[in-house]
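These notes concern the structure reproduced below.
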Amino acid sequence: MTMDRRWWRAAGLLATTALVLAACGDDDGDGDTTDSEDGGAADVAGLEGADFVVGSKDFTEQLIVGEIARIALENAGANVTVENLAGTDVVRAALEGGDVDMYWEYTGTGWLNILVQDTPIPGAQEQYDAVAEMDLEENGIRWLDPGSFNNTYAVAAHQSKIDELGLSTLSDLQGLLADNPDEATFCVAAEFTGRPDGLPGMEAHYDIEFPSDNLVTLDEGLIYSVVAEAEDCTLGEVFATDGRIASLDLVVLEDDQQFFPVYNLAMTMREETYEEYPELADLFNPINAALDDETMSDLNARVDEGGEFEDEVAEDFLRSNGFID
């Protein structure tokens, strides 16, 4: 499976290079954490010989953190298989059904999509506390400590469009839709159009509505480059920690009415897994504490823009932070 992914990545990079030459033109959460200097993956006992299946969703950030989990577990002596699955519903069902033993999830996704709550909880720690308590009580799913980086949804435009249209906040979209609707084109992924924390909720919260003709549905990974071209779409739905935002000169509009929830990362697992291997908290909590916004954006950019492989980026992160030798 790894070799297939490497082949695909290499082929994609060659194809992208060819296209470029021809044209010539995916509040901080404060959990109890431990500095990597005081303990890392190499220091965790009790996992030698254990067998785990780690799940991940199929976008860059999740593939990276899935590889981080695999390498850290293997370094602690465990036997690990990674299953890259399509999305939240699939990987969560696999966790509950016992097909995977753990995967990294986001607090906002857990609260709104998995636990089906209507309104996010203000505050990163408060949001984590609410989702962790409810999920454990109702579903027997344990959330380890949250990290500080916030991979929330955001809306971005290219710097040239920001300057031309005078955009800075999501509230500015009201005026854009009213006064210049032809410029109010919006690239979105299919999932975003149906999520309560996506387009429907954003439109209701900001009292706006994009005409259906103004919406361009694309694969999540294509949105960034299309918005950077500033032709088919003025606006694009993005993930806040995606490294392509900076590298493509995109600007995130301020969520001035604070609609989008907090999406801090935490490792999730069934309670019986945690009870059998409580050492997993000692393994993953310090690692997650080291993944701040800047670090995660850089790791994502190294894959999406730099063409590095997820496992190589994950290993470098763990090694450079002292989690593996």
Karplus ³J(HN,Hα) for segment 220-228 (6.51 cos²θ - 1.76 cosθ + 1.60, θ = phi - 60°; Hz, whole; x = Gly/Pro) runs 3, x, 8, 4, 4, 5, 5, 5, 5
Between residue 139 and residue 204, what is the spin-label point distance in nm, taking each point 7 Å from the Cα along the Cα→C-beta axis? 2.1 nm
Treat the count of other C-beta atoms within 10 Å as a stand-in for reagent exposure and order 141, 324 from fewest to most. 324, 141
Here FRET efficiency (C-beta to C-beta, residue 225 to residue 180, R₀ 25 Å, nearest 0.05) is 0.60
Full-extension gain in nm, residue 319 to residue 246, via 0.36 nm per residue minus C-alpha separation: 23.7 nm
Summing -39500 (n - 2.57) over every DSSP H run of at least 4 residues in the chain and dividing by its residue count gives a helix-only mean residue ellipticity at 222 nm, to the nearest 500 deg cm²/dmol, of -13000 deg cm²/dmol
Which ³J(HN,Hα) values in Hz, rounded to whole numbers, follow from the phi angles of segment 289-298 under the Karplus curve 6.51 cos²θ - 1.76 cosθ + 1.60, where θ = phi - 60° and Gly and Pro get x? 5, 7, 9, 8, 4, 5, 5, 5, 4, 5
Compute, for segment 153-252, the length of the dipole vector about the Cα centre, with Cβ point charges of +1 (Lys, Arg) and -1 (Asp, Glu) only. Units Debye, rounded to 20. 280 debye
Estimate the FRET efficiency between residue 159 and residue 115 by the formula 1/(1 + (r/R0)^6), using the beta-carbon distance for r and 41 Å for R0, to the nearest 0.05. 0.60
With point charges of +1 on the Cβ of Lys and Arg and -1 on the Cβ of Asp and Glu, referenced to the Cα centre of segment 111-159, which listed residue (148, 115, 128) lies farthest in the positive direction of the dipole? 148
Could you give the dipole magnitude of the chain about its Cα centre, charging the beta-carbon of Lys and Arg +1 and that of Asp and Glu -1, in debye to the nearest 20? 940 debye
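Quick note: the coordinates plus some simple rules give every number you see, no bench work behind them. Being a predicted model, the structure only gives us computed values, none of them experimental. A quick note on method: Cβ atoms are made from the backbone with ideal geometry, for glycine too, and the neighbour counts reach across all protein chains shown.
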